[in-house]
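Accompanying notes for the structure given below.
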Amino acid sequence: MARTLSVRRGTRSHTAKDKGRYSSQKHPGRIRLQRRGEQPVIILRALAGVRRHFPNRGLEWFATAVTIDWGWTLLWEPPNLTSPGFQVMLHYLTEFSWAILMLTVGLLRLAALIVNGTFSETAYSRWSPHVRAVGAFISLFFWIQITLSLILGSPTGTGLAVYKWILVFELFNLVRCATDARVVDKASRNARH
């Protein structure tokens, strides 16, 4: 028996054999990827969810990717924080500690972005805007620290020209995530009453 991938939108299936067999009255218009007779294929569902929500959260994805990349670079290519601008950061934590912290926060944000965009009808999505907000808040701290280190250590250079804008983007992301969390909290309160 051959396995076929079925892509459905709303209540109608896009394959002739499955027509009308897997109707989704709960979430019409939502794309569902699944094998016939099985649960949705999780990776394809995650990719579809990311694709659907990426335009609304592009800055969040950008900041998350930069945070993960920064942590990865610090972890695998030490020493990186050797310029005078980063000595302020090294006063608080070692380069390895910054790497682990940035990777952890970045990966948690990545997971929250995927869950929030893909599994919006599940219990997981109830807290993903909160995780995104906490991740944006902690990442904001990273970019404040990096920007202040460059201002105090070496105010001339291209790093300051870039990192201050990432800081502004993270501030925007924090406000947006907090707004999303407030909307989810309000909807949850209204559903209980």
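Here are Ile100, Ile42, Ile68: which of them is farther than 17 Å from Ile144 by Cβ, at pLDDT 80 or above, among the hydrophobic types (A, V, I, L, M, F, W, C) and open to solvent by 60 Å² or more (accessible area, probe 1.4 Å)? Spell out the reasoning first.
Details: Ile42 fails: at pLDDT 80 or above; Ile68 fails: open to solvent by 60 Å² or more (accessible area, probe 1.4 Å).
Exactly one of Ile100, Ile42, Ile68 is farther than 17 Å from Ile144 by Cβ, at pLDDT 80 or above, among the hydrophobic types (A, V, I, L, M, F, W, C) and open to solvent by 60 Å² or more (accessible area, probe 1.4 Å), namely Ile100.
Identify, by number, the condition in (1) crowded, with 17+ Cβ neighbours inside 10 Å; (2) at pLDDT 80 or above that Leu33 doesn't meet.
Result: Leu33 passes all but (2).
Looking at region 71-97, which of its residues are open to solvent by 80 Å² or more (accessible area, probe 1.4 Å), modelled with pLDDT under 90 and not hydroxyl-bearing (Ser, Thr, Tyr)?
Matches in region 71-97: Trp76, Glu77, Pro78, Pro79, Pro84, Gln87, His91.
Condition check ((1) assigned to a helix (DSSP H, G or I); (2) modelled with pLDDT under 85; (3) surrounded by 14 or more Cβ atoms within 10 Å (Cβ to Cβ); (4) out of contact with any Ser or Thr (no Cβ under 6 Å at 6 or more places or on another chain)) across all residues:
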{"site": "Gly135", "(1), (2), (3), (4)": "yes, no, yes, yes"}
{"site": "Ser139", "(1), (2), (3), (4)": "yes, no, yes, no"}
{"site": "Trp143", "(1), (2), (3), (4)": "yes, no, yes, yes"}
{"site": "Ser149", "(1), (2), (3), (4)": "yes, no, yes, yes"}
{"site": "Thr156", "(1), (2), (3), (4)": "no, yes, no, yes"}
{"site": "Trp165", "(1), (2), (3), (4)": "yes, no, no, yes"}
{"site": "Arg176", "(1), (2), (3), (4)": "yes, no, yes, yes"}
{"site": "Asp180", "(1), (2), (3), (4)": "yes, no, yes, yes"}
{"site": "Lys186", "(1), (2), (3), (4)": "yes, no, no, yes"}
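Can you confirm whether region 120-129 contains a residue that is modelled with pLDDT of 90 or more, under 16 Å from Leu59 (Cα atoms), open to solvent by less than 20 Å² (accessible area, probe 1.4 Å) and in a helix (DSSP H, G or I)? Steps first, answer last, please.
So in region 120-129, the residues modelled with pLDDT of 90 or more come out as none.
The answer is no; no qualifying residue exists.
So Asn80 ticks every box in (1) assigned to a helix (DSSP H, G or I); (2) among the polar types (S, T, N, Q); (3) over 19 Å from Phe172 (Cβ atoms) but one. Which box is left unticked?
Unmet condition: (1).
The values are calculated or read from the model by the stated rules, or taken from the named source; none is laboratory data. Note that the structure is predicted; figures quoted are calculated from it, not measured. Backbone-built Cβ (ideal geometry, glycine too); neighbour counts: all protein chains shown. Note: areas computed on protein heavy atoms with side chains; ligands, DNA, RNA excluded. Shrake-Rupley method; radii C 1.70, N 1.55, O 1.52, S 1.80 Å.
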